[in-house]
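Chemist: First the structure, then my questions, so here it is.
Bear in mind these aren't lab numbers, they're just calculated from the coordinates by the rules spelled out. Computed from a prediction, not measured in an experiment: that's the story for all the values here. Please note: Cβ atoms are built from the backbone with ideal geometry, for glycine as well, and neighbour counts cover all protein chains shown.
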């Protein structure tokens, strides 16, 4: 049967009605000019602008209407709808709330429905449900309101309730595809695949011109055991025939220079803590910005630490959730993208119709809904590997296949990943099998095979965990199915969703993970491996069924990939039969994964760059797309060619060529020898290491570096546990009660120590330890930076490192000022050695005071315990240093120690100071290859473990935290870390995006801070330019985005008076009892300019500069708002 091709869509010329519309629009514009105070004329103009799809101008017109008629609810509602259409959700929320408050004949249920939609977009589940319920209460038989409530409940995984609402909505409105389409999604999640497929087909039939139901049907059929690859290919081609633009405009022409810097566009719903971000971000951060720039198009508004990193990576960040497919395609064209990557497919956020409009010279499909061919003929390539797409399957794909040499993704282990525990089977006495995959992947075939397996493992348990199991229905159906096959209900443990860190922690209860079929795990498989749990996988018939296979094989565990169900059971039984071997696998599996290509971001970035440049060079030659295959050495060859592609070097791009700003530029890495591994024991060592400017050799005598396996695979770190620098002779480590005081030197007798340290420094045991003389280390290049803490014998290290330290640039030596250890080196000894060897003392750094006894803690701590003494080359040595060495030292002093004056002096010697000084004065200093700014690095490296408060203030704050259940903070840092330790979810705002990222990396999912752009900042997030800036307002108004009152609010950041006022206003709006909210203001009593807020607050408790307050009753919101207007631009 021949393929029926639709007639080409004509692009009509201007019609009479359109000409008439233009005439009416011009007339309305003239009327507003002559009658600017007439709300009716502005409303008419806005309506005509809406008809002309000029939504931006329509918004301006309706703003005139509501300015003239503030109680016109209908106009506020229309303004809210327009703002939603433009993606301005904050403005839409405000307008819709005004519509609900105002007078006039407004459809209240529609206002609540749209507000629910806004909160759904933000994933504010409670507010979304609240407003949807209010909409349904006002319009019980309105299908749209019922569907909105169903969507809100589904967001909260209340699937059974959502299903009933969608069924009712579908009955009430049989002309719309949405209720049926969304009902199908619920049925799919509940495991009712037949019902889901039937509903998707019905939705497609109801509105055959809408592509979404067919896209969802394609995705759902991948879960269905009896679906063949042939069927899926045919259905995907059908989608293209029905919905792809049959007469798209010609592809845009961008400059066809082979050696140019490429503009790469990527579109996704997953630029957040989602499998897409977790599998692309680490590698993209390693792609050279000289090779390509990234423009990211996000179809989802949720943001987190992954989003912040992606924004930092991108040269342009564009939310497109509110745009139509035509508008998305036009935006890509306007951005002059060279190669567009689709990271959504037919899944969430799909923009397949936009892709079919050919908005870029080349289009590539990659991770994100990557489960098979898309069927869309406009997509040129599909980025894969030889396991996902084995040789011989090319005809199953519309796209041409790019087969990378390793995995088609690059996994990054989250920094909050728990430690691996002991094998639970050894304690339990039975094997626990586990599967934490999406519950939709569990069908009767795979459950039946697992039941057979459990019969062969008597007393074994099966732990299932997924968001679909939050309700009782799906869990009950699985339990009943297993019981019918002889597996008692108590052997099947089924749990609902958890925050990601807790999900990883749940692997502590699993011995062996089971991969589902025919749709396998992907990210879940990598996470199981990360937690030491082996995964057994039987590949399915599609790309979606081979995710686990490629991860397992590329991680070096091909034996876990089987070809039959019999082999599947055999492999699990083999693992379960030898618990000692299984325990060994558990201990080493994470290290195996981290050391494999699956987690090698630099390797992946090289191959990704080669692939992108190869297909671009082919495009420039005028050749059509064809398959590209890599060999294991990273050479890429196009189908039909006999030799690999020769990748041309990139010429400096115009932006760089014209940029004469200062940039750090020195050869080689700064070599750091770190005795005590202090650089690696900070909260976020990656902030320093990811500058790609340092090579670190670290000695960790007391083995205190957390998760060392994360560092062992890096090529810029050599970590030696239970080893120390010294004289090369065997030594003894004195292990103390508080491990931070463990040292090769014996602690002083208790009576000689400061009384508060006698117990922490009590020696528990002596452990033999190897010491290494610096001068005896073979292959160690010249040391640039030596860091010594008190864990070693300082003088022995220096005296046995004289040769290698001859050309050192920086000595950072921790020196005590109190008697702590026997034979300890004091500052005089260290300084004398340094001066004799060509160094001069520069300054003390990181001073640590003697802990004060608890009863005197309110007096503060003023006595020094120890500090870092910094020594730099003497003037004579500096004069002899070559420019490259001077630049290295300047970089370290600037980036790590904030010694910008010294950095300038050093650069002046090197002839590089002029631009540095100019850039610093303008606060625009750039660091190499996307590195954080100097302030960001300093803060990230020294991520605090306590709030920057006096001990009494800390005690007051901790007491307040322990009483709190809902916490918000203006300004983040040690307070964030303390709040998370107390089990609180931290909402809040901070002006430094990198600081937020570092805190999120350290604290995990409980850290829900957002960063607000207030322009360039300096120390403590203070704006460089303090002139009034409209961006300042967003900082204090951030609390308005929160749907509920807080019982504790910390004000310790910028704009403190404005923040106090917005906290009061927010609490007055949301709190049932004002006395339930405590406001903790730091640095308050010694700053009189804050005291204007005292007329609104009552003092509960005060100590030093801090105070806890509650809000007075009977305050005027209008007066508070006016006061905020006075302080909204005051950053102090």
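Chemist: What full-extension length gain, to one decimal in nm, is calculated for residue 47 and residue 138 as 0.36 nm per residue of separation minus the Cα-Cα distance? Before the final figure, lay out each step's value.
Modeler: Details: separation 91, 0.36 × 91 = 32.76 nm, distance 2.67 nm.
In short, 30.1 nm is gained.
Chemist: Let me ask something else about it. Let me know the volume per residue of the alpha-carbon convex hull for segment 91-206, in Å³.
Modeler: Roughly 95 Å³ of hull volume per residue.
Chemist: Separation between the residue 639 and residue 665 pseudo-spin-labels, each 7 Å from Cα along Cα→Cβ, expressed in nm?
Modeler: 4.4
Chemist: Across segment 273-368, what fraction of all alpha-carbon pairs, as a whole percent, falls in each successive 10 Å bin from zero upward?
Modeler: Bin by bin from 0 Å, the calculated values are 15, 52, 32, 1.
Chemist: On to the next question. Per 5 Å bin, what is the whole-percent P(r) computed from every C-alpha pair distance within segment 225-384?
Modeler: 2, 9, 18, 22, 21, 15, 8, 4, 1, 0
Chemist: Rounded to the nearest 500, what is the 222 nm mean residue ellipticity of the chain from helices alone, with -39500 (n - 2.57) per DSSP H run of 4+ residues and division by all residues?
Modeler: -12000 deg cm²/dmol
Chemist: Using only the Cα atoms, work out Rg/Rh for segment 409-508, with Rh taken as the Kirkwood radius, to two decimals.
Modeler: For segment 409-508, the value is 0.99.
Chemist: Taking neighbour Cβ counts within 10 Å as the exposure measure, how do 393, 1059 sort from fewest upward?
Modeler: Fewest-to-most Cβ neighbours within 10 Å comes out as 393, 1059.
Chemist: Let me ask another. Rounded to the nearest 0.05, what FRET efficiency is calculated for residue 570 and residue 854 with R0 set to 60 Å and r the Cβ-Cβ distance?
Modeler: Calculated value: 0.45.
Chemist: Once both axes come from the Cα atoms, what is the angle between helix 55-68 and the longest principal axis of the chain, in degrees from 0 to 90, rounded to 10?
Modeler: The helix 55-68 is inclined about 90 degrees to the chain.
Chemist: Just for the Cα atoms in segment 424-596, what are the lengths along the principal axes, largest first, rounded to whole Å?
Modeler: Here the Cα extents, ordered largest to smallest, are 41, 37, 35 Å.
Chemist: May I pose another question? Relative to the compact-globule scaling 2.2 N^0.38 Å, provide the ratio for the alpha-carbon radius of gyration of segment 943-1127.
Modeler: Values: Rg = 15.2 Å, N = 185, 2.2 N^0.38 = 16.0 Å.
In units of the 2.2 N^0.38 Å rule of thumb, it is 0.95.
Chemist: Next question, about the same structure. Rounded to two decimals, what is the ratio between the C-alpha radius of gyration of segment 53-135 and 2.2 N^0.38 Å?
Modeler: 1.03
Chemist: Eigenvalues of the Cα gyration tensor times 5, then square-rooted: what semi-axes does that give for segment 154-286, in whole angstrom, largest first?
Modeler: So the equivalent ellipsoid measures 34, 21, 16 Å along its semi-axes.
Chemist: Here's something else I'd like to know. In what order do 526, 315 fall by count of nearby beta-carbon atoms within 10 Å, going from fewest to most?
Modeler: Lowest to highest Cβ neighbour count: 315, 526.
Chemist: Expressed as an acute angle from 0 to 90° and rounded to the nearest 10, what is the orientation of the C-alpha long axis of helix 444-456 relative to the principal long axis of the chain?
Modeler: That helix lies at roughly 40 degrees to the long axis.
Chemist: Moving on. Tell me, what is the percent relative contact order of segment 424-596, built from C-alpha pairs under 8 Å that lie six or more residues apart?
Modeler: Details: 283 pairs, mean separation 37.1, N = 173.
So the answer I get is 21 percent.
Chemist: State the Cα centre-to-centre distance between segment 710-765 and segment 1084-1132 in whole Å.
Modeler: 47
Chemist: Listing 417, 207 from the residue with the fewest other Cβ atoms within 10 Å to the one with the most, what is the order? Display every interim value, and only then the final one.
Modeler: Working: 417 19, 207 16.
With the fewest neighbours first, 417, 207 line up as 207, 417.
Chemist: Here is a follow-up. Note the angle between two axes, namely the Cα long axis of helix 472-484 and the longest principal axis of the Cα atoms of the chain, as a number of degrees from 0 to 90, rounded to the nearest 10.
Modeler: Long axis of 472-484 versus the principal axis of the chain: about 90 degrees.
Chemist: Going by a ≥ b ≥ c, the root eigenvalues of the Cα gyration tensor, does segment 20-236 fall in the rounded group (a/c under 1.5), the prolate group (a/b larger than b/c) or the oblate group? Walk me through the intermediate numbers first.
Modeler: Details: a/c = 3.02, a/b = 1.88, b/c = 1.61.
Prolate shape, in that a/c is at least 1.5 and a/b is the bigger ratio.
Chemist: Follow-up. If the chain between residue 226 and residue 422 were fully stretched, how many nm would it gain, using 0.36 nm times the residue separation less the Cα-Cα distance?
Modeler: So the chain would gain 66.6 nm between residue 226 and residue 422.
Chemist: Measure off 7 Å from each Cα along the Cα-to-Cβ vector at residue 490 and residue 782, then give the distance between these two points in nanometres to one decimal.
Modeler: Taking the two extended label points, one gets 7.2 nm.
Chemist: A follow-up question, please. Between residue 430 and residue 473, what is the FRET efficiency for a Förster distance of 22 Å, r being their Cβ-Cβ separation, to the nearest 0.05?
Modeler: Calculated transfer efficiency: 0.20.
Chemist: Taking 51 Å as R0, compute the FRET efficiency from the Cβ-Cβ separation of residue 836 and residue 1094 and round it to 0.05.
Modeler: 0.30
Chemist: Another question about this same structure. Subtracting the Cα-Cα distance from 0.36 nm times the residue separation, let me have the gained length for residue 237 to residue 330 in nm, one decimal. Write down the numbers at each step before the final one.
Modeler: Working: separation 93, 0.36 × 93 = 33.48 nm, distance 2.45 nm.
Value of the extension gain: 31.0 nm.
Chemist: Restricting the count to DSSP beta bridges whose residues both fall in the chain, what percent are antiparallel, rounded to a multiple of 5?
Modeler: Rounded to the nearest five, the antiparallel share is 30 percent.
Chemist: Using every Cα-Cα pair within the chain, state what percent have a distance larger than 56 Å.
Modeler: Cα-Cα pairs of the chain separated by over 56 Å account for 21 percent.
Chemist: For a label point 7 angstrom out from the Cα of residue 321 toward its Cβ, which stretches of segment 336-358 have the backbone nitrogen within less than 12 Å?
Modeler: Of the residues in segment 336-358, 349 have backbone N under 12 Å from the label point off residue 321.
Chemist: Classify segment 613-653 from the C-alpha gyration tensor, please: rounded if a/c falls under 1.5, else prolate or oblate depending on whether a/b exceeds b/c.
Modeler: Note, shape of segment 613-653 comes out oblate.
Chemist: Could you give the distance between the Cα centres of segment 939-1002 and segment 316-333, to the whole Å?
Modeler: Computed from Cα coordinates, the inter-centre distance equals 37 Å.
Chemist: How far apart, in nm, are two points set 7 Å out from the Cα along the Cα-to-Cβ line at residue 917 and at residue 795?
Modeler: 4.4
Chemist: Moving on. Taking Cα pairs under 8 Å and at least six residues apart, what relative contact order does the chain come out at, in percent?
Modeler: Working: 2180 pairs, mean separation 71.5, N = 1132.
Relative contact order for the chain comes out at 6 percent.
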